[in-house]
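Just below is one structure, and these are the notes that go with it.
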Amino acid sequence: MDEIVQVCHAEIEGITVAVKATVQVAQWIFRLLRWLCTKEMEQRLNMPGCHKFSDIMKLSDGEMPQVLDIPEKDVAGLIAFARSHDLHLSLLPDLNVNDGKTQFVIPPKEAALFVSYTKSCAQREKAELDSVMEKYTTEEAELTEKLRHATGDTTALQNHLDIVKERNREFGIRVEDVQKMIDEGGLCDINDYLRTGKGSMLDENLEKGMAAYEKGLDVSAKYSMQECMEPVRDPGNIPIERFRFILPDKGVVVTREYKVDKDTNIAYSEYSFTTAEGEKCKFSDKNIPKERWNTEELPKIFDKIGCDADTQARVYRTKEQYKRAEKYGETIIPSVIQKAKEKGFNAENFNNAEVGKQLHVDKVESMKEKASAEINGDKTMEKYRVPVDSFFFTEGAAYIFDRTTGQEVCLGMKDDISELKPVAGEENPGVAKYWEFSFDKNKSLSCEDRFTGEKYSMSLNEGAIQGKFDFSEKKTERKESVTNEITEAAQNMIHKGQSRHH
């Protein structure tokens, strides 16, 4: 049975926002909007000439802000237009970095002015494209006629005609996209924006996707190797960076460089990679029609890589993006964890010291227990502190979650927590670093450690003592207490020794 679509309301930044969607989708959108208003996200999405997302929310007067989905090449012009007309826009996370589009959020009351600008840009581009399309159509007709009257070996001519047709088809799609921009101005609602992230990390696991994005990682969906190495013939479809770094699940990094044949104005790609055995390989799709590339060339390349057409891969726009992903273990850590679990190993058993260190940090510093609280009669309250980015409420329940894995620990309903307040860190007194709250230390929790699969039942007090729950403030206090005890004992020993000497 389909879920019922209804109007759902939530308060964000002191503003009541309404969303028409199923309850599940509405909750997802509200969590995303709150995330976009956090200081961490507003710093990461900071772009000269733009505003904070929270400012756009306030200017929307309780309505849902609208989204502009525009080509990357038009970004600078749009921001300059907004500045000159005192308009407001804020950059959104790019949920699909490989589609050549960038998204901004704008107040609904300013949408008409923004759309007038995007439409005028599209109309100018359409006039240029129509002129090029006329040349392309003439070229295709002339080649078709030439092939009809050709004698002898016509393979090269047929290949060239096939590739020209491929370029023209791609170009036609680009013309259609520009026409759509003329008709709609690139304007869409928040749901259209979210659909661009179908299959992305944010779509699969919002908390995990948020953590990855904050680290600067690409959260886009994976693609099949077949899609990653599909030839591009229209020069207008070449990405700005002209490079892509493809990392299939097998681990071999494939560099794709886009080029253009100046004589024919047809784009092609050159691929290079080093196999697991250390062999350096280079391939090119130049002068090879797509059908032959897919059936004859790609199987040989996939064989060298050790994958197949359906193997999933992540695509990086720059080498820095790939290096960042490698640094945070986006592709390495999960597979290592899985292998370790299968063999019954723990973090200390790994040969890779860096991976072992990361797993140890994850194990010690993160809450990996998903718990459901049971009411306990003994209300012995104790204060705890949790990092601000690890604490949230949803549907009235309080959660602490591990941003690396998305695993959660439920502390019960909101009423189970008292004296909740933000607390600043010493290094930056003006910024909240922790949520401090009081909680019944003896309240029984049924827990599950998803890293080891261990299930147990204990209170927060027992969990803190055993190291199951990592409340750093309590551990710091205990460390200081132990240090004081050792110091005091040492001083007593010295004092007694001195007394005996005298």
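The values are calculated or read from the model by the stated rules, or taken from the named source; none is laboratory data. All values derive from a computational prediction rather than experimental measurement. Note that each Cβ is placed from the backbone with ideal geometry, even for glycine, and that neighbours are counted across all protein chains shown.
Remarks
- Identity of the residue in region 246-295, among the small types (Gly, Ala, Ser) and surrounded by 14 or more Cβ atoms within 10 Å (Cβ to Cβ), that ends up modelled with the lowest pLDDT: Ser272
- In region 194-208, the count of residues that are assigned to a loop (DSSP other than H, G, I, E, B), of a type in the set (Asp, Glu), within 24 Å of the chain's Cα centre (by Cα) and surrounded by 15 or more Cβ atoms within 10 Å (Cβ to Cβ) is zero.
- When restricted to residues that are within 22 Å of Tyr258 (Cα to Cα), assigned to a helix (DSSP H, G or I) and out of contact with any strand residue (DSSP E or B) (no Cβ under 6 Å at 6 or more places or on another chain), region 209-230 contains 2.
- Filtering region 306-344 to residues that are assigned to a loop (DSSP other than H, G, I, E, B), at pLDDT 50 or above and surrounded by 13 or more Cβ atoms within 10 Å (Cβ to Cβ) leaves Gly306, Cys307, Asp308, Ala309, Thr311, Arg317, Thr318, Tyr328, Gly329.
- The single condition among (1) farther than 28 Å from Ile29 by Cβ; (2) of a type outside the set (Val, Ile, Thr); (3) loosely packed, with under 15 Cβ neighbours inside 10 Å that Lys109 does not satisfy is (1).
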